[in-house]
Amino acid sequence: MDDDLARKHYRAAYALDPTFKPAIRNLERISTFDNRYGRDHIDFGDQPEGDAGNPYEIVYDKNYVEHLMNKEKRDF
């Protein structure tokens, strides 16, 4: 595998869209020493992103009023 060419393409993808997480993960995967020889799986971006980083959700009460609630402390 041509890692230099891969890095070049991942950097280009990141430059075009800095929010594209597969490019960020793949660039990290082939650029860091720990991951370089572990050869984690390539992220093609075909799997939906999880919302694990978002601790809040929109909840509607009995009067259909929208509330932003912490997922762990939901009381409706």
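Could you give me the ³J(HN,Hα) list for segment 2-18, computed from phi with Karplus coefficients 6.51, -1.76, 1.60 and θ = phi - 60°, whole Hz, x at Gly and Pro?
So the J values, rounded to whole Hz, are 8, 5, 5, 5, 4, 4, 4, 5, 5, 5, 5, 4, 5, 5, 6, 8, x.
Using modelled amide H (1.01 Å from N, peptide plane; none on Pro or chain starts), what sits under 5 Å from the amide H of Y56, excluding residues fewer than 5 places away?
K71
Quick one: Karplus J couplings for segment 59-67, per residue in order, coefficients 6.51, -1.76, 1.60, θ = phi - 60°, nearest Hz, x for Gly and Pro?
For segment 59-67, the Karplus curve yields 10, 9, 8, 5, 9, 6, 9, 7, 10 Hz.
Every number in this text was worked out from the coordinates using simple rules, so none of it is lab data. Predicted model, so just to flag it, every value in this text is computed and none were measured.
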